Amino acid sequence: MTHVEQSRVRVPGPAVKAALISMESRCGQAEENLRRICAYIARAGSEGARLAVFPELALTGYCLRHADTTALPLSHPFVAVLSRAAQENGVTALVGMAERTGETLWASQLVCGLDGTVEVYRKTHLGIREQPVFTPGDCLPVFDGTPPFGILLCYDMHFPEAAAALRTRGAELIAVPHAVPVMAGERAAVWARYMPARAYDNRMYVLCCNTCGENGCGTAFSGGVAVYDPDGHIAATDFSGRETLLIVELKPMRFDGAKDFPSHRRSELYI
């Protein structure tokens, strides 16, 4: 993991392919969810992707009512299975799960690396319905990768300071897994209000994916995947609402002069 402060925007390395997955995850069916996640990891690897981003709580299913009984510790065998799948397919896999440490529950996103390491991001900004269930994380890490990346989970992305902090620490990409139900609005319209701004202001890629289908507890999710490039433009989308694996090539970009916003950021003024 890297926390390098940067005064200039680093020119990204060679183009890299990433996979965004929208899938149905059923609460209480973690073994079946795991099987399908591993199949998607294998497919992503076979199509040349080196990063695969899965929705929020994809492994355990998103159901706050049953989070206490479905949450898993990082030592659970399913986590080891995910780690092996990532290694075997040459894919860094970002997989969401309800995580348990003792009596504490977290909304977490696993980072299963190419070298067998498993790191974790714990959601730092909890929605109002999540606050009685989960404990908020207290760290905004940047993970080593090509390019270096950060993770913000769903509601996290409504806070511009979080994205800016990740960019300052060296992230060139933010993965934004969601678990948003149909009742919360269509993703294409909602994401259009703020995702391009996060990408443009921070000169970074923003990769969004959302759960689709039904969680087995009566909640339907709207699905959707989208990639916003560092100019704030849409690079690729699928808002069909169906399960999908979207492959996108992230091309290197250089920013100079007045539009190199991150290098001109004066963080000392914003506290």
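The values are calculated or read from the model by the stated rules, or taken from the named source; none is laboratory data. Owing to the predicted nature of the structure, the values given are computational and were not obtained by experimental measurement. Cβ coordinates were reconstructed from backbone atoms using ideal geometry, including for glycine residues, and neighbour counts include every protein chain displayed. Note: accessible area is taken over every heavy atom of the protein model, side chains too, but ligands, DNA and RNA are not part of it. Shrake-Rupley method; radii C 1.70, N 1.55, O 1.52, S 1.80 Å.
Residue 91 meets the stated requirement of being hydrophobic (A, V, I, L, M, F, W, C) and in contact with a helix residue (DSSP H, G or I) (Cβ under 6 Å, 6 or more places away or on another chain). Summed over segment 145-174, the residues that are outside any helix (DSSP H, G or I) and either within 16 Å of residue 196 (Cβ to Cβ) or not aliphatic (A, V, I, L, M) (or both) give a count of 13. Applying a threshold of 7 Å to beta carbon distances and a minimum spacing of six or more residues, or different chains, the list of pairs starting in segment 34-48 at a residue that is free of Cβ contacts under 8 Å to residues at least 40 places away in the same chain and ending at one that is surrounded by 13 or more Cβ atoms within 10 Å (Cβ to Cβ) reads 36/23. No other residue among 48, 28 is at pLDDT below 95 and part of a loop (DSSP other than H, G, I, E, B) apart from 28. Selection within segment 114-142: residues that are under 14 Å from residue 97 (Cβ atoms) and of a type in the set (D, E, K, R). The member of this set that is least open to solvent (accessible area, probe 1.4 Å) is 123. Being open to solvent by 10 Å² or more (accessible area, probe 1.4 Å), touching a strand residue (DSSP E or B) at 6+ places or on another chain (Cβ under 7 Å) and either modelled with pLDDT of 95 or more or not in a strand (DSSP E or B) (or both) is the requirement here; does residue 74 meet it? Here the answer is yes, as residue 74 does meet what is asked. When residue 145 is tested against the conditions (1) open to solvent by 30 Å² or more (accessible area, probe 1.4 Å); (2) among the small types (Gly, Ala, Ser); (3) closer than 26 Å to residue 185 by Cα, the lone failure is (3). Screening residue 193 with (1) free of Cβ contacts under 8 Å to residues at least 12 places away in the same chain; (2) closer than 28 Å to residue 30 by Cα gives one miss only, at (2).
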